[in-house]
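The values are calculated or read from the model by the stated rules, or taken from the named source; none is laboratory data. Note that the coordinates shown come from a computational prediction; the quantities given were computed from them, not determined experimentally. Every residue, glycine among them, receives a Cβ derived from its backbone with ideal geometry; neighbour counts consider all protein chains shown. Surface areas here come from the heavy atoms of the whole protein model, side chains and all, with no ligands, DNA or RNA. Shrake-Rupley method; radii C 1.70, N 1.55, O 1.52, S 1.80 Å.
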Amino acid sequence: MNIENISRLFWHNGNIENIEDRISEFYITSAFGFSFQEVAITYSTDILFFDETFSRLISLVKIYRFNSNLLADETGDYLKNEVKRLLVRNRYYKTARCIIMFLQNPKNQKVEEYIFIEPDIYLFSIGKIVNRCIFIPQLPKPFGAVMNLPTIDYEYKKLVSNEIKRENAEDCIILNQNNIVSETFLGNIFLVGPERIVTPSLNTHCNPGVMREVVIEELKKLNYPIYEEDVISEEDVMSSVEIFTAGTNGIFTIKGIGYLRFFDDVRKMILVKINEMLLKN
């Protein structure tokens, strides 16, 4: 989370506070606490794809055994209302990322709950383009119970981010320990071929992001044959007609890998449908 991009007001255990007044305390707490976070996408004062987001949050809280007050309401209305209140107080933005963070003090086991708002008016823009994407087989994604630990996942992503910067790229395709395509740094990957579209199945240990499910559903509505595959190789990627990736930063087209260039047609159709949905709200 980049504090420089965060809105001035944030939510903390039921109160709305000024980030300038509490930033040092937050860093101290996050440095020593056990934590995880999830990102929701908001439009105006609504959380988009709320049911999927709420279900994922509930499952994460159970995995980490956090006693959450924010998620105690089984309908999710409390979470909706508190996010709406924070958006209104920040003079709500049309589109934004809503970062929901949980910290647990290792000494007293007290849970600290936060909601931050990161405005992004270009979240579903057609202009989200990755001009240079790379493979990093030297950093396979670990899988198994160890990846349920937030610190391990965070450290792995930090290594990947450093490699992307070192190679002067914008994204990278991540392989798992079996040398199978899992995802990209920016999100879940979709490969468009002449007759069908494929994406790595959850068996590849890709991140089961909310936007992944949204894109799959939109592809089905558009009558595209979409398949979740257990085995996708580098060769499959390079032989694709179009490649795009979907995550909490938006839906990006991958225009180039090495000397190859790819089209950008299916992604644009999905974005048209999502933006049509936003206009109806």
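Only one of (1) at pLDDT below 95; (2) within 19 Å of GLU52 (Cα to Cα) fails for GLU155. Which number is that?
Going through (1) at pLDDT below 95; (2) within 19 Å of GLU52 (Cα to Cα) one by one, GLU155 breaks only (2).
Right, ILE115: modelled with pLDDT of 95 or more and within 21 Å of TYR154 (Cβ to Cβ) or not?
Details: modelled with pLDDT of 95 or more: yes; within 21 Å of TYR154 (Cβ to Cβ): yes.
Considered against the rule, which asks whether it is modelled with pLDDT of 95 or more and within 21 Å of TYR154 (Cβ to Cβ), ILE115 comes out as yes.
Check off (1) surrounded by 16 or more Cβ atoms within 10 Å (Cβ to Cβ); (2) part of a helix (DSSP H, G or I) for ILE63 and give me the number that stays unchecked.
ILE63 satisfies every listed condition except (1).
For GLN109, work out the one condition from (1) in contact with a Pro (Cβ under 9 Å, 6 or more places away or on another chain); (2) farther than 30 Å from GLU242 by Cβ; (3) among the polar types (S, T, N, Q) it doesn't fulfil.
Among (1) in contact with a Pro (Cβ under 9 Å, 6 or more places away or on another chain); (2) farther than 30 Å from GLU242 by Cβ; (3) among the polar types (S, T, N, Q), the lone unmet condition for GLN109 is (1).
Right, PHE252: open to solvent by less than 40 Å² (accessible area, probe 1.4 Å) and in contact with a Leu (Cβ under 6 Å, 6 or more places away or on another chain) or not?
Values: open to solvent by less than 40 Å² (accessible area, probe 1.4 Å): yes; in contact with a Leu (Cβ under 6 Å, 6 or more places away or on another chain): yes.
So PHE252 fits the description; yes.
Does ARG267 meet the test of being of a type in the set (D, E, K, R) and under 15 Å from ILE129 (Cα atoms)? Explain how you work it out, then say what you get.
Details: of a type in the set (D, E, K, R): yes; under 15 Å from ILE129 (Cα atoms): yes.
It is true that ARG267 is of a type in the set (D, E, K, R) and under 15 Å from ILE129 (Cα atoms).
Name, by its number, the condition in (1) touching a residue at least 40 places away in the same chain (Cβ under 8 Å); (2) among the acidic types (Asp, Glu); (3) closer than 16 Å to PHE244 by Cβ that does not hold for ASP230.
Evaluating ASP230 over (1) touching a residue at least 40 places away in the same chain (Cβ under 8 Å); (2) among the acidic types (Asp, Glu); (3) closer than 16 Å to PHE244 by Cβ leaves (3) as the failure.
With the requirement that a residue be open to solvent by 10 Å² or more (accessible area, probe 1.4 Å), among the hydrophobic types (A, V, I, L, M, F, W, C) and closer than 14 Å to ILE251 by Cα, what does region 161-201 give you?
PHE185, LEU186
All but one of (1) assigned to a loop (DSSP other than H, G, I, E, B); (2) exposed (fewer than 15 other Cβ atoms within 10 Å of the Cβ) hold for CYS206; state the number of the condition that does not hold.
Unmet for CYS206, out of (1) assigned to a loop (DSSP other than H, G, I, E, B); (2) exposed (fewer than 15 other Cβ atoms within 10 Å of the Cβ): (2).
Would you mind stating whether SER240 is open to solvent by 30 Å² or more (accessible area, probe 1.4 Å), in contact (Cβ under 8 Å) with a residue 40 or more places away in the chain and under 23 Å from GLY256 (Cβ atoms)? Give the steps one after another, and end with the answer.
Working: open to solvent by 30 Å² or more (accessible area, probe 1.4 Å): no; in contact (Cβ under 8 Å) with a residue 40 or more places away in the chain: yes; under 23 Å from GLY256 (Cβ atoms): yes.
So SER240 does not fit the description; no.
Of the numbered conditions (1) modelled with pLDDT of 95 or more; (2) out of contact with any Pro (no Cβ under 7 Å at 6 or more places or on another chain); (3) under 21 Å from TYR259 (Cα atoms), VAL181 fails exactly one; give the number of that condition.
Every listed condition holds for VAL181 apart from (2).
For region 119-138, give me the residue count where each residue is at pLDDT below 95, farther than 30 Å from ARG89 by Cα and open to solvent by less than 40 Å² (accessible area, probe 1.4 Å).
Total satisfying the criteria: 1.
Is at least one residue of region 258-279 charged (D, E, K, R), modelled with pLDDT under 95 and not in a helix (DSSP H, G or I)?
No, every residue in region 258-279 fails to be charged (D, E, K, R), modelled with pLDDT under 95 and not in a helix (DSSP H, G or I).
Could you go through region 104-112 and let me know if any residue there is open to solvent by less than 50 Å² (accessible area, probe 1.4 Å), at pLDDT 95 or above and on the phi < 0 side of the Ramachandran plot. If you could, list the steps in order and put the result at the bottom.
Step one: of region 104-112, the residues open to solvent by less than 50 Å² (accessible area, probe 1.4 Å) are 104, 111-112.
Those still in the list that are at pLDDT 95 or above too: none.
Checking region 104-112: not a single residue is open to solvent by less than 50 Å² (accessible area, probe 1.4 Å), at pLDDT 95 or above and on the phi < 0 side of the Ramachandran plot.
State all residues of region 243-263 that are within 21 Å of the chain's Cα centre (by Cα) and either farther than 16 Å from MET211 by Cβ or among the hydrophobic types (A, V, I, L, M, F, W, C) (or both); if no residue qualifies, say none. Walk me through how you get there before you give the answer.
First, pick out the residues of region 243-263 that are within 21 Å of the chain's Cα centre (by Cα): 243-255.
Within region 243-263, ILE243, PHE244, ALA246, ILE251, PHE252, ILE254, LYS255 meet the criteria.
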